[in-house]
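Here is the structure we will look at, set down as structure tokens.
The values are calculated or read from the model by the stated rules, or taken from the named source; none is laboratory data. This is a predicted model, so every value here is computed, not measured. So basically every Cβ, Gly included, is an ideal-geometry build from the backbone, and we count neighbours across all protein chains shown. Each accessible area value is taken on the protein alone, full model and side chains, heavy atoms only, with ligands, DNA and RNA left out. Shrake-Rupley method; radii C 1.70, N 1.55, O 1.52, S 1.80 Å.
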Amino acid sequence: MKRKTGILILIIGILIVSKFWVGIYTHDEFGGKNIFIKHRPIWKTFFYSPRGMSDLKLSEMSTEKQNEQILFDEFVLENQTIE
């Protein structure tokens, strides 16, 4: 019984660590989903660009979309190579 509990705790620990360090983003041009390793831990897992391929400025977006775009820029554009 202790072995099963230990394995369960290990699996839960791996899932929590993965949640903080592994992310998924939707490519703004091609639409495919890609997995990446985050440069710092954050609870957010799914990233997308509300701007997409448009010329929309950050100041023209709602606060929620601005925050999403800032996170996308930080985690995907600045720290990843998009293929």
- prompt: Which pairs have Cβ atoms under 6 Å, sit 6 or more apart or on different chains, and link a residue in segment 1-23 that is closer than 18 Å to residue 47 by Cα to one that is surrounded by 10 or more Cβ atoms within 10 Å (Cβ to Cβ) and polar (S, T, N, Q)?
  reply: 23/45
message: I'm checking my understanding of the structure. Among residues of segment 45-60 that are surrounded by 13 or more Cβ atoms within 10 Å (Cβ to Cβ) and in contact with a strand residue (DSSP E or B) (Cβ under 9 Å, 6 or more places away or on another chain), which one is nearest to residue 18 (Cα to Cα)?
response: 45
- request: Select from segment 13-36 the residues that are in a helix (DSSP H, G or I) and closer than 20 Å to residue 74 by Cβ and write down the one among them that is most open to solvent (accessible area, probe 1.4 Å).
  value: 21
query: Is it true that some residue in segment 45-57 is touching a Gly at 6+ places or on another chain (Cβ under 6 Å), among the acidic types (Asp, Glu) and part of a loop (DSSP other than H, G, I, E, B)?
result: no
- prompt: Which pairs do you get when a residue that is open to solvent by 60 Å² or more (accessible area, probe 1.4 Å), found in segment 61-73, comes within reach of a residue that is outside any helix (DSSP H, G or I), reach meaning Cβ atoms under 7 angstrom, with the pair 6+ apart or on two chains?
  reply: 65/50
